[in-house]
Amino acid sequence: MNLHFSEEVQRARAGKRPLVALETSVVAQGLPYPDNLTAARACEEAIRRAGAVPAPIAVVDGRICIGLDEPSLRRLAEGKERLLKLGSRDLAVAVAQKASGGTTVSATCELAAAAGIRVFSTGGIGGVHRGASEHMDISQDIGALARYPVAVVCAGAKSVLDLPKTLEALETAGVPVIGVGTSELPSFYSRGSGLPLEHRVEDAAMAARIVQARQELGQGGLLFTVPPPEDVALPRAEVELHIASVLAEAERQSIRGKAVTPFLLSGMAQRTGGKSLKTNIALLTNNARFAGELAVALGHG
């Protein structure tokens, strides 16, 4: 696989400094401009403050980029051209057609593993969608988490999902889901979901020991779930009402598949008067902070 490393990532690799992968679908498709650029920069800065080096991953003109320079990041954020939403299955097409796009969790896991990056920070993972029994809409993220030996830091699964079924799917795939300072699965915008977790850690040091042990066993990835910061977290009941309303509208407009998440984020921002956007940016930054701490702890292990 031909990977193109940014100068910052090249220096980090040469100096054996800890790296944290970042997905870029949140920049290319998830958040509106310029909030997407603000969020991307905030995540990178949180990782640097923790002592690690950020490595946003994307495909630019058919080149697999591990780390992005400012013009490339801005290009994804401004969206003045057709940008693909790239899961693992789409990577070969994007490379062959010299296309550009942001990577989702599945593609970022795959490419981070290929680049030797052990920690990856995102907002929320994909999983089993509501109504999956009728339309079988289950994200590639589940398989990628099971297959690639990358520790993924997130605020739980995306709010649009069927969270109990997603948790069951992760268990079936053999992916550990570990709460960070919590024994309950966070639900992206909210700190809780009512779904208990079997395992928890209190800090990055213990998280690093678990990652190291899993990798020594030759197993796949694992998930660390971090609740959104208390001061910006939204009440679960309120979020559920808004989600139901947005999903009903998506159904009326026949919005399916990859288009659902951007539609949900936009609809949530409108219905909450911008509060959900503030929460989204805060949880992305908070996750990046913990991922940076985890990468540093792994480097010291």
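At a glance:
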| item | result |
| --- | --- |
| Residue selected from segment 88-109 under the condition in a helix (DSSP H, G or I) and surrounded by 22 or more Cβ atoms within 10 Å (Cβ to Cβ), by the criterion nearest to the chain's Cα centre (by Cα) | VAL105 |
| THR24 being touching a Ser or Thr at 6+ places or on another chain (Cβ under 6 Å), among the hydroxyl-bearing types (Ser, Thr, Tyr) and within 23 Å of GLU293 (Cα to Cα) | yes |
| Hits in segment 232-265 (condition: over 22 Å from GLY79 (Cβ atoms) and among the polar types (S, T, N, Q)) | SER245, SER254 |
| Members of segment 9-32 found to be open to solvent by 60 Å² or more (accessible area, probe 1.4 Å) and more than 21 Å from the chain's Cα centre (by Cα), listed by number | GLN10, ARG11, ARG13, ALA14, LYS16, ARG17 |
| Among residues of segment 7-56, those that are closer than 29 Å to THR261 by Cα and outside any helix (DSSP H, G or I), counted | 14 |
| Residue within segment 244-254 that is within 20 Å of the chain's Cα centre (by Cα), touching a residue at least 12 places away in the same chain (Cβ under 8 Å) and more than 21 Å from ARG49 (Cα to Cα) present | no |
| Which numbered condition THR166 misses (of (1) surrounded by fewer than 24 Cβ atoms within 10 Å (Cβ to Cβ); (2) not aliphatic (A, V, I, L, M); (3) not in a loop (DSSP other than H, G, I, E, B)) | (1) |
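The values are calculated or read from the model by the stated rules, or taken from the named source; none is laboratory data. What you are looking at is a predicted structure, and each value in this text was computed from that prediction instead of being measured. Cβ coordinates were reconstructed from backbone atoms using ideal geometry, including for glycine residues, and neighbour counts include every protein chain displayed. To get the accessible areas, we keep the full protein, side chains included, count just its heavy atoms, and leave off ligands, DNA and RNA. Shrake-Rupley method; radii C 1.70, N 1.55, O 1.52, S 1.80 Å.
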